[in-house]
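Undergrad: So that we are looking at the same thing, I have put the structure below in C-alpha cells.
The values are calculated or read from the model by the stated rules, or taken from the named source; none is laboratory data. What you see is a predicted model; the values in this text were computed from it and never measured. Here Cβ is always computed from backbone atoms with ideal geometry, including for glycine, and neighbour counts include all displayed protein chains.
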C-alpha cells in the first residue's frame with residue numbers, strides 16, 4: 001500500500017503592476033530566475049483573478065529552482081492595471097548567497113527579508129488575528145502530520161510540512177525536507193479589525209497560497225465538516241469559494257479547490273499528481289521574458 005504524498009507549499013500569487021520592473025527586482029536584487037511564463041486571454045482561468053481591468057493577463061513564475069522541487073512566486077500581471085494598493089500583511093524570508101542581510105521591497109511594495117545561505121525561499125509570513133488557531137486549522141485541513149512551532153517571544157507560529165514522500169514515519173521533526181517552505185503566522189496589528197466577521201484589509205489584492213495535497217476531495221470534505229461544526233473552529237468564518245474542480249482543457253487533469261479564511265487569505269489546494277504533471281506541459285521561457 002503506497003503512502004499518501006505529503007503536503008507541499010508550491011507558490012504564492014503576487015499581482016504586479018509592471019512585469020518588466022518586477023522581473024528586474026526579482027532577478028537583480030534577489031537572484032531569482034524565470035521558471036515559466038503563460039499568457040491568458042479573457043475567460044478560462046481568469047475566474048481565479050479579481051475581475052477588474054482588462055480581459056487578458058499573464059502569469060510568470062519566478063524562484064530559485066524548478067517548481068517541482070521548491071516554493072515559487074507567481075507574478076500575475078494585468079496590463080490594464082497600473083498600480084495596486086497593498087497593506088503589508090505578509091512578507092517573505094529568502095536566502096541568497098550574494099544578498100546582504102536586510103529587508104527590501106519590490107516595486108509593488110512586497111517585502112523580502114534576505115539572509116545569506118543556499119538560494120531558496122525559506123518561508124512566507126502572514127499576519128492573522130489568531131496565529132495558533134490559523135495554524136491548527138490549516139493542519140486539520142490537509143489531514144496529515146504537520147510541525148507547528150510557537151515562538152512566545154514574538155507571538156508567531158510556524159507551520160511546516162516536513163515529510164518526504166518515501167517516509168514511513170509520523171514523528172514530527174523527522175525526515176525534514178529543507179526544500180519545502182514554511183508558513184509563519186504572525187499577530188495582526190492593533191489597527192486591524194478584531195471582529196470575526198470582517199477580514200483584514202489587504203488593499204487591492206487577494207493573498208493566495210497554493211498547497212499541493214494528495215487528495216483535494218478529502219480536504220474539501222474536512223472543510224465541509226468544519227463548516228458544519230462551528231465549535232471545531234470557534235465559530236470563525238471561512239468560505240469555500242471553489243469546490244473541487246478538474247481543470248482543463250489543454251493540460252493534465254488537475255483537481256483543485258479554494259478556501260478563503262477569516263482573515264481574507266485564499267488557500268488553493270491542488271492535487272499532487274495533476275499539478276506536477278502539468279508542469280511538464282507548461283511552456284517554459286528563457287530569462288529574457
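Undergrad: Looking at the stretch 81-121, which of its residues are at pLDDT below 90 and closer than 18 Å to residue 13 by Cβ?
TA: Result: 81, 83, 84, 85, 86, 87, 88, 89, 90.
Undergrad: For the stretch 22-41, give me each residue that is over 25 Å from residue 123 (Cβ atoms) and at pLDDT 90 or above.
TA: Within the stretch 22-41, 37 is the sole residue that qualifies.
Undergrad: Being assigned to a strand (DSSP E or B), crowded, with 17+ Cβ neighbours inside 10 Å, at pLDDT 90 or above and under 17 Å from the mean Cα position of the chain (by Cα): is that true of residue 209 here?
TA: yes
Undergrad: Is it true that some residue in the stretch 124-137 is more than 26 Å from residue 87 (Cβ to Cβ), crowded, with 16+ Cβ neighbours inside 10 Å and touching a strand residue (DSSP E or B) at 6+ places or on another chain (Cβ under 9 Å)?
TA: no
Undergrad: Okay, moving on. For residue 152, state whether it is at pLDDT 70 or above and farther than 28 Å from residue 77 by Cα.
TA: yes
Undergrad: I would also like to ask the following. Given the structure, is residue 199 surrounded by 12 or more Cβ atoms within 10 Å (Cβ to Cβ), under 30 Å from residue 110 (Cα atoms) and modelled with pLDDT of 90 or more?
TA: no
Undergrad: Further question on the same structure: Could we say that residue 277 is closer than 24 Å to residue 74 by Cα, at pLDDT below 85 and in contact with a helix residue (DSSP H, G or I) (Cβ under 6 Å, 6 or more places away or on another chain) here?
TA: For residue 277, the condition - closer than 24 Å to residue 74 by Cα, at pLDDT below 85 and in contact with a helix residue (DSSP H, G or I) (Cβ under 6 Å, 6 or more places away or on another chain) - is not met.
Undergrad: Here is a follow-up. Of all residues in the stretch 58-92, which are more than 28 Å from residue 41 (Cα to Cα), touching a residue at least 60 places away in the same chain (Cβ under 8 Å) and outside any loop (DSSP other than H, G, I, E, B)?
TA: Within the stretch 58-92, 90, 92 meet the criteria.
Undergrad: Taking the condition at pLDDT below 90 and on the phi > 0 side of the Ramachandran plot, does residue 44 pass?
TA: yes
Undergrad: Restrict the check to the stretch 174-183 and report whether at least one residue is within 18 Å of residue 132 (Cα to Cα), modelled with pLDDT under 85 and within 22 Å of the chain's Cα centre (by Cα).
TA: No, the stretch 174-183 contains no residue that is within 18 Å of residue 132 (Cα to Cα), modelled with pLDDT under 85 and within 22 Å of the chain's Cα centre (by Cα).
Undergrad: Condition first: surrounded by fewer than 22 Cβ atoms within 10 Å (Cβ to Cβ) and under 16 Å from the mean Cα position of the chain (by Cα). Now tell me which residues in the stretch 16-40 satisfy that.
TA: none
Undergrad: Tally up the residues in the stretch 93-103 that are surrounded by fewer than 19 Cβ atoms within 10 Å (Cβ to Cβ), touching a residue at least 24 places away in the same chain (Cβ under 8 Å) and assigned to a strand (DSSP E or B), please.
TA: Total meeting the criteria: 1.
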